[in-house]
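Read-outs: derived from the displayed coordinates by stated rules, not from any lab. Note that the coordinates shown come from a computational prediction; the quantities given were computed from them, not determined experimentally. Counting neighbours? That spans all protein chains shown, and the Cβs are built from the backbone with ideal geometry, glycine included.
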Amino acid sequence: MDAGLAAVLGATVGALGTGATGLAAALLSRNTARHQIRAESMRALRESRRATYLAFAETHERYLDLLSTTLIPLGRIERFPDRREEWIEKAHKRWDQALKYRQNEVQKIRVVLSLDATRPVADAALKVTERFTLLSGATRRAIEALKGQGLDTGPLSPPLPGYIELLAEEGLDPEAPDLGVLQDRAQDAYKAFLRTAADAVGENGLLPSG
C-alpha cells in the first residue's frame, strides 16, 4: 500500500472514530439529562405530596381537637347536675365550631388530597374521614338527645351513609355509642394516616407524630 492510500485510510478511520466517540458522548449526555429531569420531577412530586399530606394531617388534628373539646362538657353533666344546661350549651357551641371547621377547612383539604395521594394514603385518609365523621355524628346525636331537638348541620347531610351499619360493625350500640371509644378510634385512624403518609414519601418522622 502506497503512502498516499495509507494516509487516506488513516484519516477515514480517525474520522469515524471521532464521530463514534462524539455520538456516544451525545447519547450519554442526553441520557444523563433525562435522568436528571426524571429525578427532579419525582422530587417535585414527592414534595408536593408531602405538603398535601402535612396539610391534611394538621387540619384533621385541629378537627379532632375541636371534637374532643366537645366531649369535655358532655362528660361533666352527670358529675355536676346543677350546671346541666350550661354544659349542654357549651357542648353544643363547641360541636358547632367543629362542624363549621369541617365544612370549610376539612372539606377543602380532603378534596386537595384526593387529587394528589397515592392509593395507600388515600385509603388511610378515607378511614380518617370515616372515623371522624362517626365521632361527630355520635356526638351530635348525644347533644340532640340532651337538648330534645335537632341541631343545624348546614349544607352537610348527617349522618354519613351507613352510619348505623358502621357503628354496628365497630361493635358499638348504634343508639348510644361510647363516645370515648369513638374518640380513641378516630385518634388511631389519624396516627395510621401519619405512618402511611410518612412511608409514602420515604422519610420517617416527616409528618407530626400526633
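Quick notes
- Peptides 120-126, 105-111 ranked from most to least packed, by the mean per-residue count of other Cβ atoms within 10 Å: 120-126, 105-111.
- The modelled label-to-label distance between residue 151 and residue 76, using points 7 Å beyond Cα along the C-beta direction, is 1.7 nm.
- In terms of its alpha-carbon gyration tensor, the stretch 80-210 comes out prolate; a/c meets the 1.5 threshold, and the first ratio a/b outweighs b/c.
- As a rough guide to protection, the peptides 60-73, 171-184 ranked by mean Cβ packing within 10 Å, highest first, stand as 60-73, 171-184.
- Full extension of the chain between residue 164 and residue 105 yields a length gain of 18.6 nm, computed as 0.36 nm times the residue separation minus the alpha carbon distance.
- Gain on full extension, evaluated as 0.36 nm per residue between residue 118 and residue 47 minus their Cα-Cα distance, stands at 24.2 nm.
- Each peptide in 78-91, 134-147 receives the mean, over its residues, of other Cβ atoms within 10 Å, and ordering these scores from highest gives 134-147, 78-91.
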